[in-house]
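All remarks here apply to the structure that follows.
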Amino acid sequence: MIADLLKRLLEPSPAILPDEDARLAMCALLVRLARADDRYDDAERDRIDRILRTRFDLDPGASQILREQGEAMEAEAPDTVRFTRAIKEAVPLEGRAGVVESLWQVALSDGERDAEEDALIRLAANLLGVNDVDSAKARQRAEAKL
């Protein structure tokens, strides 16, 4: 499954991913963000699990499995651009600010703002077509949820 998805992400013009693969791409992006500061702790794992449960209506076991698959994919994955392209094609514009909000939730879950995480969120938001104002609003919503 992961190898097949990675292969499709590496294609020059990949087809729109099925929902399950788009979920995995989003999860891998969340994991990549959590690992951006070279510290991937329990608070970030817990936050990712909660985001997955809420966003995709998963039970705790299913969200943990998806996160573990996302961890494996992130470790083998190509650049961030391919994740965001897959998400952009699968998520309508109005839903992409929610993806950025999820990224902010993970970034802020350890109680510290980190330059590497901020840079990755800016890149992902830009690639997803989410402007700076909407990204800032997403950050504020994420802060309110913590």
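Please treat every number below as a calculation from the coordinates, not as lab data. In this text, all values refer to a predicted model and were calculated from it rather than measured experimentally. Cβ: placed from backbone, ideal geometry, glycine included. Neighbour counts: every protein chain shown.
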Among what's in segment 81-110 and is of a type in the set (D, E, K, R) and farther than 19 Å from residue 47 by Cα, pick the residue that is farthest from the chain's Cα centre (by Cα). 94
Of the residues that sit in segment 34-61 and are in contact with a Ser or Thr (Cβ under 7 Å, 6 or more places away or on another chain) and aliphatic (A, V, I, L, M), which one is nearest to residue 105 (Cα to Cα)? 51
Confirm whether residue 101 is touching a residue at least 40 places away in the same chain (Cβ under 8 Å) and among the acidic types (Asp, Glu). yes
Looking at segment 66-80, which of the residues that are among the acidic types (Asp, Glu) and surrounded by fewer than 16 Cβ atoms within 10 Å (Cβ to Cβ) is farthest from residue 45 (Cα to Cα)? 79
